[in-house]
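See below for the structure under consideration.
The values are calculated or read from the model by the stated rules, or taken from the named source; none is laboratory data. Values in this document were obtained by computation on a predicted structure and should not be read as measured data. Virtual Cβ from ideal backbone geometry, glycine too; neighbours counted across all protein chains shown. Note: areas computed on protein heavy atoms with side chains; ligands, DNA, RNA excluded. Shrake-Rupley method; radii C 1.70, N 1.55, O 1.52, S 1.80 Å.
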Amino acid sequence: MTTDSGGPVARIDELSRAGDVVHLLFELDPGAAEHRAAELARLELAQDSRGGAVRYLVARGEGGVPVGLLPFYSACFPYDTAVMPPTLFESTAPPRDGEPFGLVGSPGGVVNQLVIAAHVDEQDATRTSRDLVDHAGRSDISPPGRFLLIPNLTGKQAVRLGGRVADAAGVERKQQAVLPVVWSSFDDYISWLPPQRRGVVRRERRKFLGAPITVREELVIDMADELAPLLAQTERHHGRDVSVEQMEFYLVSIALHHGDGCVAFVAYRYGRPVAFSLVLGRGKEWDMRAWGCDYDVPREERLYFNMAFYEPITRAIDRGVELLDFGTGSLEAKVLRGCETRELRTVLIDRRHVSAGIGNRG
């Protein structure tokens, strides 16, 4: 399907499979195209397994040049409360069980995938972003429910959407922890930390290096069955009801789609895996996607701090990685180890109450 649009967008096309947009990603965002393509394919598979639909909205300028991309997912309420928390509905009645709604740009577990081409100036990037979100709200492609959810907008994405965010029925804010890699060695990293933290980090590192542990880098696809029980332990430790089978499916899925770009730093204790951190490479950035641990290992060996932070930092320095994305959990521990925070916003749109855009265009 194709519809006309004004401004910098000559038309918006609708595509139905992630494979149809891979070549467009290399035009829109070449530095992260492989990572984005793999993530879209993985999320599409998960959407298919839930019985939901997905569309990819492609904004094109004059001559058919792609200028923007927005994935659009359908779902039904109730949804994952980590994605759609009750606080979003403080000013409006929540949907009924079974009521459909649309997820704009992300199904919720990852940063929003609204992409605007780098060559588009900021004014046109703003208009293109709004055109894409407005198109997602059109009744002929959206579920018939009242709500659109726009998860995990970065600061730039939220600014570009402007009034669409201001019209929101609810906004949920959370912090994403990132660490720019600016050191030539791990010792430089320690020296860069505040004085009161340096001794703590040195002790944590010394205890780990003195433990009967060896760290190896492994392809996740080769280790999924051994890593899944560790990931399940960590998820249960944080109160999430998951099975080992679910965690193995997650690991296999992410490994199959990201291939060699998906690796695990695995800690072996007397030859047995006892902890790991999962890394997705995206150009000069690493996305620290998961952490798993055997909680029977003595705490004094400091598995968490070393496998979740110090091993990735050490290896990132050695390989010229420029940024580590540590996600949104355990912020205090991350900030203490040098991370800065960036705000992500999840926006709930009630289509009955918007003043402009979101399905009101002809």
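Does any residue of the range 102-116 turn out to be open to solvent by 20 Å² or more (accessible area, probe 1.4 Å), closer than 28 Å to Ala33 by Cβ, in contact with an Asp or Glu (Cβ under 8 Å, 6 or more places away or on another chain) and modelled with pLDDT of 90 or more? Among the residues of the range 102-116, at least one is open to solvent by 20 Å² or more (accessible area, probe 1.4 Å), closer than 28 Å to Ala33 by Cβ, in contact with an Asp or Glu (Cβ under 8 Å, 6 or more places away or on another chain) and modelled with pLDDT of 90 or more, which makes the answer yes.
Looking at Arg299, Arg337, which one is open to solvent by 20 Å² or more (accessible area, probe 1.4 Å) and among the basic types (Lys, Arg)? Steps first, answer last, please.
Details: Arg337 fails: open to solvent by 20 Å² or more (accessible area, probe 1.4 Å).
Exactly one residue qualifies, and that residue is Arg299.
Against the list (1) assigned to a helix (DSSP H, G or I); (2) over 29 Å from Pro212 (Cβ atoms), the condition Tyr304 fails is (2).
Give me the residue from the range 30-49 that is open to solvent by 40 Å² or more (accessible area, probe 1.4 Å) and in contact (Cβ under 8 Å) with a residue 60 or more places away in the chain and, out of that set, nearest to Gly259 (Cα to Cα). It would help to see each step written out before you state the result.
To start, the set of residues in the range 30-49 that are open to solvent by 40 Å² or more (accessible area, probe 1.4 Å) comprises 30-31, 34, 36, 45, 48-49.
The next check asks that each one be in contact (Cβ under 8 Å) with a residue 60 or more places away in the chain; those that pass are 31, 34, 36, 45.
Working: Gly31: 17, Glu34: 10, Arg36: 13, Leu45: 16 Å.
Once the filter is applied, the top-ranked residue is Glu34.
What residue, among those in the range 121-147 that are touching a helix residue (DSSP H, G or I) at 6+ places or on another chain (Cβ under 7 Å) and buried (at least 24 other Cβ atoms within 10 Å of the Cβ), is nearest to Val104 (Cα to Cα)? By that ranking, first place goes to Val133.
Please determine whether any residue of the range 177-187 is at pLDDT 95 or above, part of a helix (DSSP H, G or I) and more than 18 Å from Arg55 (Cβ to Cβ). Spell out the reasoning first.
From the range 177-187, those at pLDDT 95 or above are 177-187; that's our starting set.
Then drop every residue that is not part of a helix (DSSP H, G or I), which leaves 186-187.
Applying the additional criterion that residues be more than 18 Å from Arg55 (Cβ to Cβ) yields 186-187.
The answer is yes, given that some residue of the range 177-187 is at pLDDT 95 or above, part of a helix (DSSP H, G or I) and more than 18 Å from Arg55 (Cβ to Cβ).
Number of residues in the range 302-331 that are hydroxyl-bearing (Ser, Thr, Tyr) and either more than 14 Å from Ala177 (Cα to Cα) or buried (at least 19 other Cβ atoms within 10 Å of the Cβ) (or both) equals 3. Scanning the range 340-352 for residues that are under 17 Å from Val171 (Cα atoms), in a strand (DSSP E or B) and open to solvent by 60 Å² or more (accessible area, probe 1.4 Å) gives Arg342, Glu343.
Filtering the range 90-117 to residues that are in contact (Cβ under 8 Å) with a residue 24 or more places away in the chain and more than 20 Å from the chain's Cα centre (by Cα) leaves Glu90, Ser91, Thr92, Pro95, Glu99, Pro100, Phe101.
For the range 215-242, a residue qualifies if it is closer than 14 Å to Ala264 by Cβ and open to solvent by 20 Å² or more (accessible area, probe 1.4 Å), and the qualifying residues are Val215, Arg216, Glu217, Glu218, Leu219, Ile221, Asp222, Asp225, Glu226, Pro229.
Against the test of being open to solvent by less than 10 Å² (accessible area, probe 1.4 Å) and part of a strand (DSSP E or B), the options Val201, Val274 yield a single qualifying residue, Val274.
Just a yes or no: is a residue in the range 237-250 in a helix (DSSP H, G or I) and touching a residue at least 60 places away in the same chain (Cβ under 8 Å)? No, because not a single residue in the range 237-250 is in a helix (DSSP H, G or I) and touching a residue at least 60 places away in the same chain (Cβ under 8 Å).
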